[in-house]
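The values are calculated or read from the model by the stated rules, or taken from the named source; none is laboratory data. Because the structure is predicted, anything quoted here is derived from the model rather than measured. As a convention, Cβ positions derive from the backbone with ideal geometry for all residues, glycine included, and neighbour counts pool all protein chains shown. What goes into the accessible areas is simple: the full protein's heavy atoms, side chains included, and nothing from ligands, DNA or RNA. Shrake-Rupley method; radii C 1.70, N 1.55, O 1.52, S 1.80 Å.
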Amino acid sequence: MAGIQEVLTIGFIIIFIFFIPRLFKTDNVQAHKKIASQSQISGKKRLGIVISLFLPLTMVFILKPWEENLLLFLFVGIFPVALGWAGVWVKDGFKNNKK
C-alpha cells in the first residue's frame, strides 16, 4: 500500500506537469515562431554532428587510447572535432553579426 509521501510526490509531479506550464504561458506568437525557426538544423550541421560522433569512436577502436596512445588519440580524434566546431561557431557569429 502506498504511503502518504508517495501519494504527495505523485500529486506534485502531476501539478508540475499540467498546471505550472499554464501559469507561464505566453501569447506571443512571434516569439514562438522565431524560436521554432532558429531550432532547425541545416543538413551541413547534421552531417557535422554525425562526423563528430564517428571520428572519435573510430579513433577509439583504432588507437585504443586506454593502452598507450592517449596523446595521439587527443590530437587525431578529439582535436579536429573541437577545431571544426570552433570554426562553425565563429562563422555563425560573423553571419549573425551581419544581420
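Counting residues in the stretch 62-79 that are under 18 Å from the mean Cα position of the chain (by Cα) and in a helix (DSSP H, G or I) gives one or more. For the structure I just gave you, tell me whether LEU83 is free of Cβ contacts under 8 Å to residues at least 12 places away in the same chain and open to solvent by 80 Å² or more (accessible area, probe 1.4 Å). Against the criterion (free of Cβ contacts under 8 Å to residues at least 12 places away in the same chain and open to solvent by 80 Å² or more (accessible area, probe 1.4 Å)), LEU83 qualifies.
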